[in-house]
Amino acid sequence: MGQKRIGILTSGGDCAGLNAVIRAVVHRAVGTYDWEVLGICRSTLGLMSSPPEVINLDIDKVDRLLTMGGTVLGTTNKGDPFAFPLEDGSLRDRSEEIISGYHQLGLSALIGIGGDGSLALLRRLANQGGINLVGIPKTIDNDVGCTERSIGFDTAVNIATEALDRLHFTAASHSRVMILEVMGRDAGHIALNAGIAGGADIILIPEIPYTLEKVCDKIRDRQSKGKNFSIVIVSEAVCTLEGNPVKNMDRFGECRLGGIGQYLAEQISISSGAETRVTVLGHVQRGGIPSSLDRLLGTAFGVAAVDLIADGKYDQVVTWQNREVVSVPIAEAIGQYRAVDPNDTLVKTARGLGICLGD
């Protein structure tokens, strides 16, 4: 098969399980095929640097990564390489710098770990510059097409579930409505999964329109039965009653989702008279020790990605389907957005438990 030198990078937002992927890639590539693995720092920014910013990865360096959160390679979710923002406010196409960095390193292939946005950009770079690309899906939102699970999702659900577990006690102690706002840029997978696992009374996700009347009816119904508190979990992508997403401008001038929990607290308090409190998990969902499932998934994806390179199969992304790793064309994966299906088994499960979905 011959000696190969492959690169690996993490792109987009961080999540738990990325280091498990890196570890598996190195174990398979070095331990089985006797290849060289270069870790590219800070995603495509590392390839823009001159010389490229890389770390030579061997088994000794990665052996302790399995339980570490985040990514030891660093990552970025800013700066479209085809319209890269410069200090003077102008935009420049820096794609050729990234492509040049790849070839300068003498790489045989590149493994890119990212969500649908990152994979789309990496594929465009690969097509333009003759890069042999293999993708691995990661996102706590679990919205990449063609895969039942993406790296980071299970850990995020576990963290949200634990938060609900804790909120039950303080909600009951003070007879309050507790609202937990969780991440989910466009999809409600975290809220739906954690809401069921954590015993929420009301789950609000962007895929299912809600009315304030239905939400408050559920709260009043519980009160009439002597249940003096309620637990609400809401995805950050849920809109206001007028249909507008709630966003905040950060100091860098970027609009970010966030604030629907506080909005709902005010509306529920006015409409039902219930005392409400809000908890926003935010980036807590991205951090921490990866769950056993994210470690397993990341490890399986890492080994499979290296095997695709060994077989000369590029422009592919590894996915989890029917309890096995299956590779599909990257274009197919990013061409399908995986939102919550209103007829999904878990939606039916929630309704069967009497959980209010707002409709």
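Sequentially through the stretch 306-318, phi angles give Karplus couplings (6.51, -1.76, 1.60; θ = phi - 60°) of 5, 5, 4, 5, 4, 8, x, 9, 10, 6, 10, 10, 7 Hz, Gly and Pro residues having no value and appearing as x.
For the residue pairs 214/348; 214/247; 247/348; 225/247; 138/214; 61/138, the alpha carbons lie more than 26 Å apart in 247/348; 225/247; 138/214.
Using the Stokes-Einstein relation with a Kirkwood hydrodynamic radius computed over Cα pairs, the translational diffusion coefficient of the chain at 37 °C and a viscosity of 0.692 mPa s comes to 153 µm²/s. Computed on protein heavy atoms with a 1.4 Å probe, the accessible areas place 80, 307 in the order 80, 307, largest first. Packing-based ranking of 285-295, 153-163, 47-57 yields 153-163, 285-295, 47-57, ordered from highest to lowest mean Cβ neighbour count within 10 Å. Remark: the stretch 340-350, residue by residue, has Karplus-estimated 3J(HN,Hα) of 6, 7, x, 9, 4, 4, 5, 5, 5, 4, 4 Hz, where x stands for each Gly or Pro and the curve is 6.51 cos²θ - 1.76 cosθ + 1.60 at θ = phi - 60°. Once backbone amide H atoms are built at 1.01 Å from N, residue 280 has 181 as its partners under 5 Å, excluding neighbours fewer than 5 places away on the same chain. The shape of the stretch 210-290 can be summarised by an equivalent ellipsoid whose semi-axes, obtained from the alpha carbon gyration tensor, come to 27, 17, 10 Å from longest to shortest. Among the GluC sites (Glu not before Pro) in the stretch 250-316, which ones are in a DSSP loop with at most 15 other Cβ atoms within 10 Å of the Cβ? Mind listing them? Filter output for the stretch 250-316: 254, 275. Using amide H atoms built 1.01 Å from N in the peptide plane, name the residues 5+ places from residue 177, or on other chains, whose amide H lies under 5 Å from its own. Hits under the 5 Å cutoff: 230, 275, 276, 277.
Based on the Stokes-Einstein relation at 4 °C and a viscosity of 1.567 mPa s, and on the Kirkwood radius from alpha carbon pairs, the stretch 14-55 is assigned a translational diffusion coefficient of 114 µm²/s. By DSSP, the beta bridges lying fully in the stretch 80-234 are antiparallel in about 10 percent of cases.
The simple spin-label model puts a point 7 Å past each Cα toward its Cβ; for residue 56 and residue 271 those points are separated by 6.3 nm. Here residue 241 and residue 88 are evaluated by their C-beta separation; at R0 = 35 Å the FRET efficiency comes out at 0.25.
Here the scattering of the stretch 137-267 is modelled by Debye summation over its C-alpha atoms, one equal scatterer each and no solvent; at q = 0.11, 0.13, 0.23 Å⁻¹ the log10 of I(q)/I(0) is -0.40, -0.55, -1.39. Is any residue of the stretch 257-278 close enough, with backbone N under 15 Å, to a label point placed 7 angstrom from the Cα of residue 213 along the Cα-Cβ axis, and if so, which? Answer for this model: 271-272.
For residue 138, the residues whose amide H sits under 5 Å from its own are 114, 115, 151, ignoring neighbours fewer than 5 places away on the same chain, with H placed 1.01 Å from N. The residues of the stretch 110-189 present an accessible area of 30 Å² per residue when probed at 1.4 Å with all protein chains retained. With 0.36 nm allotted per residue and the present C-alpha distance subtracted, the residue 344-residue 162 stretch has 63.2 nm of extension available. Beta bridges assigned by DSSP with both partners in the stretch 145-262 are antiparallel in approximately 30 percent of cases.
Here the Debye sum runs over all C-alpha atoms of the stretch 17-132 as equal scatterers in vacuum, and log10 of I(q)/I(0) at q = 0.09, 0.15, 0.17, 0.23 Å⁻¹ comes out as -0.25, -0.68, -0.87, -1.42. For the stretch 280-309, backbone nitrogen atoms closer than 15 Å to the point 7 Å from residue 63 Cα along Cα-to-C-beta are found at no residue. Here the extension length gained between residue 197 and residue 173 equals 6.5 nm, from 0.36 nm per residue of separation less the Cα-Cα distance.
Across the accessible surface of the stretch 210-346, with the other protein chains kept in place and a 1.4 Å probe, carbon and sulfur atoms take up 49 percent. Figure note: 349, 276 ranked by solvent-accessible area, largest first, 1.4 Å probe, ligands and nucleic acids not counted: 349, 276. Shape class of the stretch 300-359 from the Cα gyration tensor (axes a ≥ b ≥ c, square roots of the eigenvalues): prolate, since a/c reaches 1.5 or more and a/b is larger than b/c.
For a quick check, take a GNM of the chain with Cα springs below 10 Å and name the residue from 323, 166, 149 with the largest mean-square fluctuation. With Cα springs under 10 Å in the chain, the top fluctuation among 323, 166, 149 is at 323. Springs join every pair of Cα atoms under 10 Å in this Gaussian network model of the chain, and among 74, 117, 195 the largest mean-square fluctuation is at 117. Protein heavy-atom accessible surface, 1.4 Å probe, per residue over the stretch 202-359: 51 Å².
Along the stretch 37-45 the Karplus relation, 6.51 cos²θ - 1.76 cosθ + 1.60 evaluated at θ = phi - 60°, assigns HN-Hα couplings of 10, 10, x, 8, 7, 6, 6, 5, 4 Hz to successive residues, with x for each Gly and Pro. When a 1.4 Å probe is rolled over the protein heavy atoms, the share of accessible surface on the stretch 46-102 that falls to carbon and sulfur comes to 48 percent.
The values are calculated or read from the model by the stated rules, or taken from the named source; none is laboratory data. These numbers were taken from a predicted model, which means no experiment stands behind them. Neighbour counts are summed over all protein chains in view; Cβ atoms, including those assigned to glycine, are modelled from backbone coordinates with ideal geometry. For accessibility, only protein heavy atoms count, side chains too; no ligands or nucleic acids. Shrake-Rupley method; radii C 1.70, N 1.55, O 1.52, S 1.80 Å.
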